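As structure tokens, the structure follows; a few thoughts come after it.
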Amino acid sequence: MTKRWTVVDTPVGPLGLAVDDIGLCRVLFGAQDVPVEVDPLLDEVAEQLRAYFAGELIDFTVPVSIRRGSDFERAVWAELSRIPYGETHTYGEVARAVGEPDAARAVGMACNRNPVGVVVPCHRVVGAGGKLVGFGGGLPAKRHLLELEARVRMEHDWLA
């Protein structure tokens, strides 16, 4: 299946986005030499990411196409998608949720292998005690994403 790529400038740096015939299949932090192509689905993903970073979108609706990963990794990625916007879970909590209570480190590896970060929110997973650890896009990007979501959620809750 052919991938089509574009790059979106974001507050956490350029993100390379790839789609296939099914949906978003790759988010690449720090994208540099990615060919920019024209595609309606790429346009939709880019627009949703812009809205997310503007604090206007809390739920992505673009289709996702993940064609790799072990059963465990896929279970972790599915669990990440259930973590509510503006909240965090620990690696241990995610491990317990997927039925592998002793697999916190393996959850970390699965988060690192997440092909569609931000959209499948591995940034919402933190270390024990809420420590900010591990993120493929770098800890400053993880901090930015968590602070953005906390601010938007707080504003929403206060205005609701």
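The values are calculated or read from the model by the stated rules, or taken from the named source; none is laboratory data. None of these values were measured; they are calculated from a predicted model. We place every Cβ from the backbone using ideal geometry, glycine too, and count neighbours over all the protein chains shown. Ligands, DNA and RNA are stripped out before the accessible areas are found, and what is left, the full protein with its side chains, is counted by its heavy atoms. Shrake-Rupley method; radii C 1.70, N 1.55, O 1.52, S 1.80 Å.
Assorted remarks:
- A Cβ-based charge dipole, computed about the Cα centre of the stretch 48-160 with Lys and Arg at +1 and Asp and Glu at -1, lands at about 360 debye.
- Other residues within the sphere of radius under 13 Å centred on the Cβ of ILE83, judged by their own Cβ, net out at -2 (K and R +1, D and E -1).
- Calculated from the alpha-carbon coordinates, the stretch 1-75 shows an Rg and a Dmax of 12.5, 34 Å respectively.
- Taking θ as phi - 60° and the Karplus parameters 6.51, -1.76 and 1.60, the scalar couplings of the stretch 151-159 work out to 5, 5, 5, 5, 4, 5, 5, 6, 8 Hz in sequence order, x denoting glycine and proline.
- By the Cβ distance rule of under 4.7 Å, the chain has these cysteines without a partner: CYS25.
- Of interest is the spacing of the C-alpha centroids, which for the stretch 6-60 and the stretch 100-160 amounts to 18 Å.
- Its Cα centre serving as origin, the stretch 46-91 has a Cβ charge dipole (Lys and Arg +1, Asp and Glu -1) of approximately 200 debye.
- Scoring 31-41, 74-84 by mean Cβ neighbours within 10 Å over their residues and listing the highest first yields 74-84, 31-41.
- Note that the stretch 44-53 has calculated 3J(HN,Hα) couplings of 5, 4, 4, 5, 5, 5, 4, 5, 4, 5 Hz, one per residue in order, obtained from phi through the Karplus relation 6.51 cos²θ - 1.76 cosθ + 1.60 (θ = phi - 60°); glycine and proline are x.
- Local electrostatic count, VAL19, Cβ distance below 11 Å [Lys/Arg +1, Asp/Glu -1]: -3
- Using θ = phi - 60° and Karplus 6.51 cos²θ - 1.76 cosθ + 1.60, couplings along the stretch 100-115 (whole Hz; Gly, Pro as x): 10, x, 9, 10, 4, 5, 5, 4, x, 5, 5, 4, 5, 8, 4, x
- Heavy-atom accessible area with a 1.4 Å probe sorts GLU93, GLU149, largest first, into GLU93, GLU149.
- For the stretch 1-153, the carbon plus sulfur part of the accessible surface works out to 50%, probe radius 1.4 Å.
- Whether the stretch 11-158 is rounded, prolate or oblate, judged on the alpha carbon gyration tensor where a/c under 1.5 counts as rounded: oblate
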